[in-house]
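Reviewing the structure listed below.
The values are calculated or read from the model by the stated rules, or taken from the named source; none is laboratory data. None of these values were measured; they are calculated from a predicted model. Positions of Cβ are backbone-derived with ideal geometry, glycine not excepted, and every protein chain shown enters the neighbour counts. For the accessible areas, the whole protein counts, side chains as well, though only heavy atoms, and no ligand, DNA or RNA atoms are used. Shrake-Rupley method; radii C 1.70, N 1.55, O 1.52, S 1.80 Å.
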Amino acid sequence: MTIAFRQTVPILRIFNEDKAKEFYAGYLGFTVDWEHRFDDNAPLYMQVSRAGLVLHLSEHHGDCCPGSAVYVRMTGVEAFHQELSAKNYKYLRPGIEDTPWGTRSVCVVDPFGNHIRFNEDKASAG
């Protein structure tokens, strides 16, 4: 049998459901696909997605460390940056950077210290 990896889904630690939804759905434009709790008093585990990018967000302390980083390859980073800038988000105003390794990059930091680096190869930017 051939081994094939189909998808990687980063898990990011969150501490507040409302702040997570404000940031990921409101600011970044992700859709909340589903939410799960083992009971009404259990931590939240949810999936958000946008344009093929899937992230899991977890309040469970054992799932992951706060302050993680995710590197995302994408196209349309300039349009994405303009979209974020137009929102005039109170807590974050990321720039767009031309990196020494040949990408245009927008780095956002969520309310829980996680970094998401959105990168487009300069050769495909346009």
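Per-structure values
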| read-out | value |
| --- | --- |
| Matching entry among ALA79, ALA86, ALA69 (being small (Gly, Ala, Ser) and closer than 30 Å to ALA42 by Cα) | ALA69 |
| Selection status of VAL72, touching a residue at least 40 places away in the same chain (Cβ under 8 Å) and either surrounded by fewer than 13 Cβ atoms within 10 Å (Cβ to Cβ) or out of contact with any strand residue (DSSP E or B) (no Cβ under 6 Å at 6 or more places or on another chain) (or both) | no |
| Failed criterion for SER49 (all others in (1) more than 17 Å from PHE15 (Cβ to Cβ); (2) open to solvent by 30 Å² or more (accessible area, probe 1.4 Å); (3) of a type in the set (S, T, N, Q) hold) | (2) |
| Elements of type strands (runs of 3 or more DSSP E) in segment 30-126, at least 2 residues being of a type in the set (A, V, I, L, M, F, W, C) and under 12 Å from the mean Cα position of the chain (by Cα) | 53-58, 69-73, 103-109, 115-121 |
| Matching entry among GLU35, GLU17, GLU83 (being within 21 Å of ASP121 (Cα to Cα) and of a type in the set (Asp, Glu)) | GLU83 |
| Residues that are in contact with a Phe, Trp or Tyr (Cβ under 9 Å, 6 or more places away or on another chain) and closer than 18 Å to LYS90 by Cα, drawn from segment 6-20 | ASN16, LYS19, ALA20 |
| Hey, ALA25 at pLDDT 95 or above and either exposed (fewer than 15 other Cβ atoms within 10 Å of the Cβ) or among the hydroxyl-bearing types (Ser, Thr, Tyr) (or both) or not | yes |
| Selection within segment 82-126 - over 26 Å from ILE14 (Cβ atoms) and open to solvent by less than 80 Å² (accessible area, probe 1.4 Å) | THR99, GLY102, THR103, ARG104, GLU120, ASP121, SER124, ALA125 |
| Exclusive hit being closer than 27 Å to ARG6 by Cβ, in contact with a Leu (Cβ under 7 Å, 6 or more places away or on another chain) and of a type in the set (A, V, I, L, M), set VAL77, VAL108 | VAL108 |
